[in-house]
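J.: Got a structure here, written out as structure tokens. Questions coming.
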Amino acid sequence: MLKAGLIGIGFMGRGHLDIYERFEKENYPVKLTAICDVDGEKFKGKFLPGNIDVGNSKYDFSKYRLYTDVDEMLEKEELDFVDIALPTYLHAEVAVKALNKGLHVLCEKPMALTSADCARMIEAARRNGKKLMIAQCLRFWPEYEVLKEYVDSGRFGKVTGAYFFRGGSTPRWSYQNWLLDEKRSGGCILDQHIHDVDMINWLFGKPRYVSTIAANVIPGSGFDILSTNYIYPDGKVVNAQDDWTLNGSYGFQMLYRVNFEKGNIIYEQGVLKVNPYDGEGFTPEISKESGYYREIVYFTQALMNNTPVEVAAPESTMATIEIAEAEVESAKNGGRITPVK
Ligand SMILES: NC(=O)c1ccc[n+]([C@@H]2O[C@H](COP(=O)([O-])OP(=O)(O)OC[C@H]3O[C@@H](n4cnc5c(N)ncnc54)[C@H](O)[C@@H]3O)[C@@H](O)[C@H]2O)c1
């Protein structure tokens, strides 16, 4: 039985909490024993709702040991791993602390605010011989996993073009409004668009250059609307867009359209469609589980079986941050074609 500690039970942390509660019902050998959140009101069930449904049930916190201080929890608890669902500006600091205490670490995306911080996290994991995985959930999302299979297998030949979009209403629920402070969240590029950056990196590797046009709408939040072209030596046309100021009744959407020499794969309005150029289009059979559930199962299986966290290796999720850094630089320079480190 692995013992877990959850750090941060804001919007995303509660999504993770639901998964640990499900593990308990399923007799899965992972037990959440301790929870830490600096805001003790959350242990009384006082939460703000977010913009996507990650679970918001009522909790019985009496079965966990509760902390409002991370150091105290790390000092007093005997854990195998921690699950960090803290604001991004705390990821590197808390991950390194936990790794140095000899714990494995699952940490929410984005890995950190800078690639230098990502490197510190990787170094701490290496030095302590512990596993580190960033919860880049799209790598575990069935609709995106299918796409990866088509890209890697070459079943439809080479990719000729790819478009990714995500966007929705402005996230206004966060602790001390950290999400809308560029210095603490990295703005829409590092926080929300990072999912598509990570997908592009996972599917196609690092582009040679990026060019990003972006705009600020909300004072102090960095870039809120953006469009990036990813430039690869083989000339495929790759673009991703994000907008977290789509308010009103729009809700939230994520979608992609990827074209290959011999077919295309489209995921729009929650519907996945594979369209071969020599036959009928179809919707493939995929897992019904969410990426959030599957990523935690994957990480804990890697701990139980002592296997590497290949699907979301920390070096790869750090490369995602390097691409995003180039996008921010490009955006600050009016879309200048900018090399990726
Ligand atoms: N994978 C996804 O789809 C997804 C979606 C939303 C958020 N996230 C990520 O999850 C992380 C958390 O985001 P969120 O939306 O849940 O934010 P949030 O503000 O709702 O939650 C953060 C929680 O951390 C707590 N906290 C703040 N400082 C702390 C400290 N020093 N010690 C202990 N607790 C502290 C806050 O009280 C709050 O409960 C971010 O990295 C975000 O990018 C991922």
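J.: With θ set to phi - 60°, apply the Karplus curve 6.51 cos²θ - 1.76 cosθ + 1.60 along the stretch 118-125 and write out the HN-Hα couplings as whole Hz, x wherever there is a Gly or Pro.
T.: 4, 4, 5, 5, 5, 5, 5, 5
J.: Can you pull the three principal axis extents for the Cα set of the stretch 111-181, in Å, largest first?
T.: 44, 40, 21 Å, listed from the longest principal axis down.
J.: Using all C-alpha to C-alpha distances in the stretch 224-270, build P(r) with 5 Å bins and read off the rounded percent in each one.
T.: Binned Cα distances yield the sequence 5, 15, 20, 23, 19, 9, 7, 2, 0.
J.: Taking the Cα centre of the chain as origin, work out the dipole magnitude from +1 charges on Lys and Arg Cβ and -1 charges on Asp and Glu Cβ, in debye rounded to 20. Please report the intermediate quantities before stating the final value.
T.: On the way: 39 positive and 47 negative charges, 44 e Å.
Value, rounded to 20: 200 debye.
J.: Checking the a/c ratio against 1.5 first, then a/b against b/c, what shape does the Cα gyration tensor give for the stretch 92-138? Show your work: numbers first, answer last.
T.: On the way: a/c = 1.92, a/b = 1.33, b/c = 1.44.
Cα axes put the stretch 92-138 in the oblate bin.
J.: Name the long-range amide H neighbours of Leu113: under 5 Å, sequence gap of 5 or more, or other chain; modelled H, no Pro or chain starts.
T.: The list, which skips near neighbours in sequence, is Ala92.
J.: Tell me, what HN-Hα J-couplings in whole Hz come from the Karplus equation 6.51 cos²θ - 1.76 cosθ + 1.60 at θ = phi - 60° for each residue of the stretch 147-154, using x for Gly and Pro?
T.: Per-residue couplings from phi come out as 4, 4, 4, 5, 5, 5, 7, x Hz.
J.: Within 10 Å of each residue's Cβ, count the other Cβ atoms and sort Glu182, Glu322, Glu41 from fewest upward.
T.: So the residues, fewest neighbours to most, are Glu41, Glu322, Glu182.
J.: Taking Rh as the Kirkwood radius computed over C-alpha pairs, what is the Stokes-Einstein D of the stretch 139-210 at 10 °C in a medium of viscosity 1.306 mPa s, expressed in µm² per second? Intermediate results must be reported in sequence, preceding the final value.
T.: Numbers: Rh = 14.3 Å.
Reported coefficient: 111 µm²/s.
J.: Could you tell me how many degrees, from 0 to 90 and to the nearest 10, lie between the Cα long axis of helix 291-305 and the main elongation axis, the longest principal axis, of the Cα atoms of the chain?
T.: Result, in degrees: 60.
J.: Equivalent-ellipsoid semi-axes (√(5λ), Cα gyration tensor) for the stretch 36-161, whole Å, largest first?
T.: Values: eigenvalues 199, 95, 34 Å².
The answer is 32, 22, 13 Å, longest axis first.
J.: A follow-up question, please. Can you give the Kirkwood hydrodynamic radius for the chain, in Å, rounded to one decimal and based on Cα pairs?
T.: Values: mean 1/r = 0.0484 Å⁻¹.
Answer for the chain: a Kirkwood hydrodynamic radius of 20.6 Å.
J.: Within 10 Å of each residue's Cβ, count the other Cβ atoms and sort His104, His193 from fewest upward. If you can, show how the numbers build up before the last one.
T.: Values: His104 25, His193 31.
Taking fewest neighbouring Cβ atoms as first place, the list is His104, His193.
J.: Right, another one. Once amide H atoms are built 1.01 Å from N in the peptide plane, which residues 5 or more positions from Val237, or in another chain, come under 5 Å H to H?
T.: Those qualifying (amide H under 5 Å, at least 5 residues apart or on another chain) are Gly161, Ala162.
J.: Computed over the Cα atoms of the stretch 282-331, what is the convex hull's projected area averaged over all directions, in nm²?
T.: On the way: hull surface 23.5 nm².
Its average projected convex-hull area is 5.9 nm².
J.: Mind checking the stretch 174-236 for trypsin sites (Lys or Arg not before Pro) that DSSP puts in a loop (not H, G, I, E or B) and that have at most 15 other Cβ atoms within 10 Å?
T.: Numbers: sites: Lys183, Arg184, Arg208, Lys236; in loops: Arg208, Lys236.
Those satisfying the criteria are Arg208.
J.: Would you compute, from DSSP H runs of 4+ residues alone, the mean residue ellipticity of the chain at 222 nm, taking -39500 (n - 2.57) per run and dividing by the full residue count, rounded to the nearest 500?
T.: Working: 10 runs with 112 residues, N = 341.
Helix-only estimate at 222 nm: -10000 deg cm²/dmol.
J.: Which net charge results when you count Lys and Arg as +1 and Asp and Glu as -1 among the other residues whose beta-carbon is under 13 Å from that of Ser227?
T.: Numbers: positive: Arg166; negative: Asp196, Asp224, Asp242, Asp243, Glu327.
Counting the neighbours of Ser227, the net charge comes to -4.
J.: Over the Cα atoms of the stretch 3-48, each weighted equally, I'd like the Debye log10 I(q)/I(0) at q = 0.14, 0.22, 0.23, 0.32 Å⁻¹, rounded to two decimals.
T.: For the stretch 3-48 at q = 0.14, 0.22, 0.23, 0.32 Å⁻¹, log10 I(q)/I(0) is -0.33, -0.74, -0.80, -1.20.
J.: Sort Glu72, Glu329, Glu295 so the one with the fewest other Cβ atoms within 10 Å of its own Cβ comes first.
T.: Numbers: Glu72 11, Glu329 15, Glu295 25.
Starting with the residue having the fewest Cβ neighbours, the order is Glu72, Glu329, Glu295.
J.: Return the single residue from Tyr292, Tyr175, Tyr209 with maximal mean-square fluctuation; model: Gaussian network over the chain, springs between Cα atoms under 10 Å.
T.: Maximum among the listed residues: Tyr175.
J.: Can you run the Rg to Rh ratio on the stretch 247-341? Use alpha carbon positions and the Kirkwood inverse-distance Rh. Intermediate results must be reported in sequence, preceding the final value.
T.: Working: Rg = 18.6 Å, Rh = 17.4 Å.
Here Rg/Rh amounts to 1.06.
J.: Same structure again: According to the square roots a ≥ b ≥ c of the eigenvalues of the Cα gyration tensor, what is the shape class of the stretch 103-232, taking rounded for a/c under 1.5, prolate for a/b larger than b/c otherwise, and oblate for the remainder? Don't skip to the answer; put the middle values down first.
T.: Details: a/c = 1.82, a/b = 1.11, b/c = 1.63.
The shape class here is oblate.
J.: List every residue whose amide H lies under 5 Å from the amide H of Leu2, counting only residues 5 or more places away in sequence or on a different chain, with H placed 1.01 Å from N in the peptide plane.
T.: Hits under the 5 Å cutoff: Val30, Lys31.
J.: Calculate one ³J(HN,Hα) per residue across the stretch 10-27 by plugging θ = phi - 60° into the Karplus curve 6.51 cos²θ - 1.76 cosθ + 1.60, and present them in order as whole Hz with x for glycine and proline.
T.: So the J values, rounded to whole Hz, are x, 3, 7, x, 5, x, 5, 4, 4, 5, 5, 5, 5, 3, 4, 5, 8, 6.
Here, each number is a calculation from the coordinates, and none is a lab measurement. Model, not experiment: these values are computed from the prediction. Quick reminder, even Gly has a Cβ in these numbers, built from the backbone with ideal geometry, and neighbours come from all protein chains shown.
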